[in-house]
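Single-structure report; data block below.
Where a number appears in this text, it was derived from the coordinates with a stated rule and is not lab data. Quantities reported herein were computed from a predicted structural model and do not represent experimental measurements. Methodologically, a virtual Cβ is constructed for each residue, glycine included, from the backbone with ideal geometry; neighbour enumeration extends over all protein chains shown.
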Amino acid sequence: PMANLGSCMPRSRPEPRSWSWGRGRAGDPSAGRPRHPVVAVDESSEMLARIRGAETVRARIQDLDLGRPFDAVLLASQLINVPDHGLRRRFLEACRDHVRDGGRVLVQRHPPSWFAGDRVWTQSFTAERLDDQALAAGLAEAGLAVDAYLTGDGSWVRAVPASRGRAL
């Protein structure tokens with residue numbers, strides 16, 4: 001689905017700006033993806049050192065204040081599945097705080113079916129199962145609403161601002 005992210009961005013501006021976290025998978029100009037200006041945000045200076053062709057900001061997502069809105073915000077790596085509901089809300093509020101009205105928030109989650117059956121993993125992490133209702137509720141708490149499911153398994157979701165103020 002990463003190759004299709006450009007089609008999920010708003011068409012209101014000739015050069016949409018986006019915001020990404022992690023290794024800059026959406027902002028790597030050598031990857032052949034649309035060359036929208038990207039701001040890559042990560043806690044790790046080592047991870048940011050790998051970024052090419054994008055502005056980098058070393059920060060925790062939940063504490064981020066870039067002071068400007070973006071047409072698109074990307075919350076990838078299944079960060080939405082963090083079992084700490086307060087942290088999840090702060091992630092989503094950071095998304096809402098940085099997306100302009102009419103913009104899009106693209107969220108990657110573990111689809112509910114991912115949690116079924118026996119699985120063997122080589123990396124330890126904790127994730128909470130978020131069905132569509134739980135995802136919608138978490139987004140609403142941060143002033144966002146589901147606009148579309150972008151993949152058949154529901155792992156990529158496009159959200160939009162529900163209102164300029166945060167939902168209560």
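Summarising the amide proton neighbourhood of Thr56: residues at separation of 5 or more, or on other chains, whose placed amide H is nearer than 5 Å comprise Ala40.
Peptides 53-61, 85-93, 69-77 ranked from most to least packed, by the mean per-residue count of other Cβ atoms within 10 Å: 69-77, 85-93, 53-61.
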